[in-house]
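Contents: one structure, followed by commentary.
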């Protein structure tokens, strides 16, 4: 049986979601029968009227009014949770700004190690302001609850996108990794090492911009690391090392000693993320955590090209260097990796940089797309079940600031809402002028490709050199036969 109206109003009063005047007005508007009814009906009506959110109503009906208001922030819905706490969509009462709030679990309010780690994340986030990093706005404690206020990103984590839509095209994968590399390069120059880069910690917003989140495992530099070590007991050291990172994307040296992992460990994790985007899975497998750790340390580096024929040789080589077993064999800084990714991206026509660049890329294709919509080949391609739709609609989660759990970001915990528009194309067009000469692929089912061919930009078949070669051989054979017959005829008595 649900709670009574009086109990519900008491919970509502204690939540601070409404003022005393608003509460009295609500009470005065209830009739005698309504006061005797179940509170669920009143809560539903308040949700329909926009006076409460569904999350707020559920909390009040469950008798949990505490924590719905933290200082100037009103929590509206839960968008992620894990061992370390929860992440909420919230709104600032005075500024009317929607934000994401990461709240340390009340169960950990007396755990000095958890509080220290949370404070480290706050310090790391406060240092960073970059297009490709989720911005931190505020940090505070209210009613004994520690929280971090962050930018609210309307988008989805790369892990969700791949799960829903499958592996990325080469151009899209390179673009996402390049953006993440730029954000990490900036963080490294500020003395912050992330140490938990993975698809779940990279958000793709509606404009095609990558946002790095979850600085919970970030290392802030040698001096601050030593201060943390001084404050940590030997027992805490052992416990912390066992959870420092996500094993599917963790560098071998980080698994051995996470406190000594430097920017090259982030390079390694980003390389593993690239593999996930192109293959739909991490580069190494294993049934247990130990099997995965050993695989990263001992198994040969896989070839992306062998597993995905669209991957150019040049990108496969960059990937192999990113996830080299020994740190000194990798790119030593993101600044070394970025030019290589830029060169690869421009070679395959990737819309580099996200946001405006992605929109400009789509704009440059608009003429070709228009002709594709009216051409017979485009119509046939559009009807093909194997075609990848250009500009296919994709839902967007509200996932800014996920990553509340102990060792990894929260995956799959975000509500879905349809985007207002899409600007990142799903079909990457390979230009013969820009694609690597050693590896040119054309999606035969692409309307854009068909229209380009119809306009004379591409040949009708990607196998055209072989057709010409075979035809030439046959022609030479016929000519040789004619010459032979002529010689025999002239030599006859």
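The values are calculated or read from the model by the stated rules, or taken from the named source; none is laboratory data. Remember, it's a predicted structure, so these values are computed and weren't measured experimentally. No Cβ is skipped: glycine too gets one built from the backbone with ideal geometry, and neighbour counts run over all protein chains shown.
Here's the yes/no breakdown for (1) surrounded by fewer than 15 Cβ atoms within 10 Å (Cβ to Cβ); (2) modelled with pLDDT of 95 or more; (3) within 24 Å of the chain's Cα centre (by Cα):
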site	(1), (2), (3)
90	no, yes, yes
93	yes, no, no
104	no, no, yes
118	no, no, yes
124	no, no, yes
145	no, no, no
_Every residue in the range 205-216 that is assigned to a strand (DSSP E or B) and touching a helix residue (DSSP H, G or I) at 6+ places or on another chain (Cβ under 6 Å), please._
210, 212
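Do we have residue 140 as in contact (Cβ under 8 Å) with a residue 40 or more places away in the chain, part of a strand (DSSP E or B) and out of contact with any helix residue (DSSP H, G or I) (no Cβ under 9 Å at 6 or more places or on another chain) here? Explain how you work it out, then say what you get.
Details: in contact (Cβ under 8 Å) with a residue 40 or more places away in the chain: yes; part of a strand (DSSP E or B): yes; out of contact with any helix residue (DSSP H, G or I) (no Cβ under 9 Å at 6 or more places or on another chain): yes.
Yes: the conditions hold for residue 140.
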*Can you name the condition, by its number, that residue 86 falls short on among (1) assigned to a helix (DSSP H, G or I); (2) in contact with a strand residue (DSSP E or B) (Cβ under 7 Å, 6 or more places away or on another chain)?*
(1)
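Out of 82, 32, I need the residue that is farther than 30 Å from residue 200 by Cα and either surrounded by fewer than 17 Cβ atoms within 10 Å (Cβ to Cβ) or modelled with pLDDT under 90 (or both). Which one? Working first, answer last.
Numbers: 82 fails: farther than 30 Å from residue 200 by Cα.
Just one listed residue meets the conditions, 32.
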*Candidate set: the range 59-77, residues that are crowded, with 18+ Cβ neighbours inside 10 Å, free of Cβ contacts under 8 Å to residues at least 60 places away in the same chain and assigned to a loop (DSSP other than H, G, I, E, B); chosen: the one nearest to the chain's Cα centre (by Cα)*: 68
_When the residues of the range 41-58 are narrowed to those that are loosely packed, with under 14 Cβ neighbours inside 10 Å and within 12 Å of residue 5 (Cβ to Cβ), which ends up farthest from the chain's Cα centre (by Cα)?_
41
*Name the single residue, out of those in the range 241-262 being at pLDDT 90 or above and assigned to a loop (DSSP other than H, G, I, E, B), that is surrounded by the most Cβ atoms within 10 Å (Cβ to Cβ).*
251
*Please indicate, with yes or no, whether at least one residue in the range 286-305 is under 19 Å from the mean Cα position of the chain (by Cα), in the same structural domain as residue 180 (by TED's automatic domain parsing) and either more than 22 Å from residue 179 (Cβ to Cβ) or free of Cβ contacts under 8 Å to residues at least 40 places away in the same chain (or both).*
no
